[in-house]
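Here's the structure we're looking at; comments come further down.
The values are calculated or read from the model by the stated rules, or taken from the named source; none is laboratory data. Everything numeric here is computed off the predicted structure, so don't read it as measured data. Cβ: placed from backbone, ideal geometry, glycine included. Neighbour counts: every protein chain shown. SASA here: full protein model, heavy atoms, side chains in, ligands and nucleic acids out. Shrake-Rupley method; radii C 1.70, N 1.55, O 1.52, S 1.80 Å.
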Amino acid sequence: MDPTGEPMKPANDANGAPTNGLHGRTLILILATAAVVYLCWLIARPFIGVATWALALAIVMLPVHERLERRMRPGVAALVTVFGVALLLIAPAVWLGRLFAQEATGMVKLLDAAFSSGDARSGLDGYPKLKGIVEWLQQRFDLEQEMRRLGGLLAGQVSGIVQGSVWILTEIVLTLVTMFFFLRDRAVILNYLRRLSPLSDQQTSAVIDRAAKTIGASLTSNLLVKVVQGFLGGLMFWFLGLPAPVLSGAAMGLLALLPILGTGLIWGPAAVILAVTGSWVKAIVLAVWGGVVVSMVDNILYPILVAGELRVYPLAVFFAVFGGLIAFGFTGIVLGPLILAITAMLIDIWSARTDPV
């Protein structure tokens with residue numbers, strides 16, 4: 001009841017409808033929106049990697065695309081840029097990955113044949129200490145059986161990679177198509193993001209600029225690390241007197257972009273050949289150098305380069321990269337630093353809003 005003692009009437013909106021009904025419809029709209037957003041997330045989740053790498057490539061290639069846009073229509077310029085990326089970067093990586101996957105399978109067969117014939121054991125005659133260690137292990141373990149089992153496991157992994165090449169090619173095509181639309185329609189996409197953003201236009205532009213710089217720095221730093229990995233791998237090939245150190249180093253730098261095996265597709269078969277032919281010391285040196293130095297430099301150098309480029313504390317970038325890898329797989333190399341940078345930017349915005357004037 002109101003102060004006069006009369007019963008309270010339900011409040012109505014501007015159209016004369018009861019506000020209780022309006023609140024109910026609003027709640028239903030919120031729940032329906034949340035449901036369809038979740039369903040959209042389920043649809044988009046398998047393509048997070050595709051969208052991330054398409055965006056990263058689009059940002060890196062944007063200066064080239066903008067030059068082309070001055071001479072041709074945006075759609076044609078985007079098509080030329082995408083074709084250049086496919087020709088110069090992706091096609092050689094796929095070709096080398098399949099080539100060295102086949103070579104790794106051949107090395108597994110060579111390893112099994114060497115242990116079966118006894119050539120590997122005879123190659124130890126010139127290294128008494130190493131031969132004593134192998135004989136001690138042989139007394140406690142069936143090395144031939146274990147090596148065959150290891151070889152079968154490796155062969156199965158390589159076979160799985162080769163069999164999955166169709167899906168890999170599909171992802172590459174989707175990445176290129178997505179990159180095309182990111183380049184051609186970037187103005188429309190950015191305007192749409194600004195419309196949805198609850199921040200001011202200036203703050204939204206700052207966040208977008210920070211995200212673009214983070215993605216660009218992540219990709220360029222990653223490529224620089226791969227060059228260092230290729231140089232270190234080729235340097236060890238030259239030091240050990242192995243053939244084609246420059247070509248092998250270039251191949252390692254390129255294959256370092258691939259997950260799982262990476263540079264091991266080059267130095268792994270080479271170490272096997274050295275071991276089978278009796279050069280056990282060189283084989284061990286190459287395996288340790290490849291497995292520790294060449295492989296681990298990525299985990300050490302990459303966070304340092306990204307932190308220096310973005311002026312972020314290196315330890316935070318280190319955890320962002322590894323956390324991104326755990327959460328998102330190989331795409332986490334880009335998504336981890338990106339999430340960190342956007343989080344830091346939003347915290348700065350909140351701090352500016354809550355600080356007393």
Inset, instruction - Test each condition in (1) at pLDDT 80 or above; (2) within 21 Å of I326 (Cβ to Cβ) for G290 and report the one that comes out false. - result: (2)
Inset, instruction - Mind telling me which of the residues V276, V297 ends up being hydrophobic (A, V, I, L, M, F, W, C), at pLDDT 80 or above, open to solvent by less than 40 Å² (accessible area, probe 1.4 Å) and touching a helix residue (DSSP H, G or I) at 6+ places or on another chain (Cβ under 9 Å)? - result: V297
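I want to confirm something. Restricting to the stretch 277-300 and keeping residues that are assigned to a helix (DSSP H, G or I) and not aliphatic (A, V, I, L, M), which single residue is farthest from G241 (Cα to Cα)? Steps first, please.
At the first step, the residues of the stretch 277-300 found to be assigned to a helix (DSSP H, G or I) are 280-300.
With not aliphatic (A, V, I, L, M) added as a condition, the list becomes 280, 282, 289-291, 295, 298-299.
Working: W280: 14, K282: 10, W289: 15, G290: 15, G291: 19, S295: 21, D298: 25, N299: 28 Å.
Checked the stretch 277-300; the qualifying residue farthest from G241 (Cα to Cα) is N299.
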Legend entry - Cβ pairs under 8 Å, 6+ apart, first in the stretch 241-254 and farther than 9 Å from F231 by Cα, second among the hydroxyl-bearing types (S, T, Y): L242/S248
Inset, instruction - Select, from L219, L255, L196, L232, the only residue that is open to solvent by less than 40 Å² (accessible area, probe 1.4 Å), over 17 Å from the mean Cα position of the chain (by Cα), on the phi < 0 side of the Ramachandran plot and not small (G, A, S). - result: L232
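Being assigned to a helix (DSSP H, G or I) and either farther than 22 Å from L88 by Cα or of a type outside the set (D, E, K, R) (or both) narrows it down to one residue among G241, G336, G262; which is it?
On the way: G241 fails: assigned to a helix (DSSP H, G or I); G262 fails: assigned to a helix (DSSP H, G or I).
Of the residues listed, the single one that is assigned to a helix (DSSP H, G or I) and either farther than 22 Å from L88 by Cα or of a type outside the set (D, E, K, R) (or both) is G336.
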Inset, instruction - Could you please find all residues in the stretch 181-193 being surrounded by fewer than 19 Cβ atoms within 10 Å (Cβ to Cβ) and under 18 Å from V50 (Cα atoms)? - result: F181, D185, R186, I189
